[in-house]
Amino acid sequence: MLKGKIAVVTGASRGIGRAIAVKLAAEGAVVIINYNRSKDEAEKVKEQIEASGGQVKLIQCNVASFESCEKMFEEVMKEFGRIDILVNNAGITKDGLLMKMSEDDFDAVVDTNLKGAFHCIRFVSRAMIRQRSGRIINISSVSGVLGNAGQANYAASKAGIIGLTKTMARELASRGITVNGIAPGFVDTEMTQVLSDEVKEAATKQIPLGRFGKPEDIANMAAYLASEKAAYITGQIISVDGGMAI
């Protein structure tokens, strides 16, 4: 149980982030839902959590902005006085073959997916170091583990998350802070629902378990890593992908 813990989940208005926010709240955490543009969707998550008796707060912030992230964590600390859990989930895609990819599309994905995680860790680590405790969970991807044609920007950003996770685990371990990553495979979210049937069928053939995952599959792992049961786990990238990365 995470009763009384303060958790910040970035990109929590939909998909995997939403499922993680709901799960952490169900485990007793006070959840700060970060969103960028999807205020209506974030409000729905808030209503869902509150309907189940959970505590939740919404904060709009583009994690790609250093200054906005600083303000977000200052606001959380001012209201709650501590931050126990950070889940770096915010991410975007702008797929395309590298030879046709614009610099803007490459930068936008890296700025949100990788620099966004850097920004959040930089500011949350100060609070966690003072507390001498904390859980940081970074959402990578099977694309960052294996690579994926048409996703040079996304795969690079998610591979970067793996390196960032391992490095921060080394830097923060002596302060009682664990840093781990989750590498989801194909998960049934809005991001994958736009794929054609042909692409979905081809992807499914690559998955030993023969199906896409559910957002809750990722949320269950995040809740475990955030708990005391995972107190001796750090610097790990755990694949939740139906066996794709075997």
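The values are calculated or read from the model by the stated rules, or taken from the named source; none is laboratory data. The structure presented is a predicted model; accordingly, all values stated were derived computationally and were not measured. Note that each Cβ is placed from the backbone with ideal geometry, even for glycine, and that neighbours are counted across all protein chains shown. Surface areas here come from the heavy atoms of the whole protein model, side chains and all, with no ligands, DNA or RNA. Shrake-Rupley method; radii C 1.70, N 1.55, O 1.52, S 1.80 Å.
Taking only protein heavy atoms into account and a 1.4 Å probe, give the accessible area per residue of the chain in Å².
Result: 49 Å² of accessible area for each residue.
Hey, if you put +1 on the Cβ of every Lys and Arg and -1 on every Asp and Glu Cβ in the chain, which of Pro215, Ala7, Ala19 ends up farthest toward the positive end of that dipole?
Of the options given, the answer is Ala7.
Check Ile92: other-chain or 5+ apart residues with amide H under 5 Å from its amide H, H built from backbone geometry?
Asn113
Would you grab the residues whose amide H sits under 5 Å from the one on Val56? Only those 5+ places off in sequence or on another chain, please, with H modelled 1.01 Å from N.
Val31
Hey, how many Å between the Cα centroid of region 113-153 and the Cα centroid of region 37-112?
12 Å
Enter the angle in degrees (range 0 to 90, nearest 10) between the Cα long axis of helix 116-131 and the first principal axis of the Cα atoms of the chain, meaning the one along which they spread out most.
30 degrees
Find the all-direction average of the projected area of the Cα convex hull for region 21-158, expressing the result in square nanometres with one decimal place.
Mean shadow area of the hull around the Cα atoms is 9.0 nm².
If amide H atoms are built 1.01 Å from N in the plane of the peptide, which residues on other chains or at least 5 residues away come under 5 Å of the amide H of Gly134?
Thr178
I'd like to know which of Ser141, Leu172, Tyr154 lies farthest towards the positive end of the charge dipole of region 66-185, counting +1 on Cβ of Lys and Arg and -1 on Cβ of Asp and Glu.
Ranked along the dipole, the leading option is Leu172.
Report the extension gain between Ser102 and Lys39 in nm, rounded to one decimal, defined as 0.36 nm multiplied by the number of residues separating them, less their alpha carbon distance.
19.8 nm
List the pair-distance distribution P(r) of region 15-99, using every Cα-Cα distance, as the percent of pairs falling in each 5 Å bin from 0 up to the bin containing the longest distance, rounded to whole percents.
Histogram of Cα-Cα distances, whole percents per bin: 3, 13, 25, 23, 20, 8, 4, 3, 2, 1, 0.
With θ set to phi - 60°, apply the Karplus curve 6.51 cos²θ - 1.76 cosθ + 1.60 along region 77-90 and write out the HN-Hα couplings as whole Hz, x wherever there is a Gly or Pro.
Once rounded to whole Hz, the list reads 5, 5, 7, 10, x, 6, 9, 9, 9, 10, 10, 8, 10, 3.
Given charges of +1 on the Cβ of Lys and Arg and -1 on the Cβ of Asp and Glu, with all other atoms neutral, how large is the dipole of the chain about its Cα centre, in debye to the nearest 20?
So the magnitude is around 940 debye.
Provide the packing ranking of 192-203, 5-16, 217-228, i.e. peptides ordered by the mean count of other C-beta atoms within 10 Å per residue, highest first.
Ranking the peptides 192-203, 5-16, 217-228 by packing returns 5-16, 217-228, 192-203.
Which whole-Hz couplings ³J(HN,Hα) result when phi for each residue of region 57-69 is put into the Karplus expression 6.51 cos²θ - 1.76 cosθ + 1.60, θ = phi - 60°, listed in order with x for Gly and Pro?
9, 9, 9, 7, 6, 8, 5, 6, 9, 4, 5, 5, 5
Name the lysines eligible as straight-distance cross-link partners of Lys57: C-alpha to C-alpha under 27 Å, and not fewer than 8 places from it in the same chain.
Lys3, Lys5, Lys23, Lys39, Lys44, Lys46, Lys71, Lys78, Lys115, Lys214, Lys229
Using bins 10 angstrom wide from zero, how does P(r) for region 134-244 break down, in % of all Cα pairs?
15, 43, 30, 11, 1
Quick one: Cα convex hull volume of region 77-191, Å³ per residue?
About 110 Å³ per residue, rounded to a whole number.
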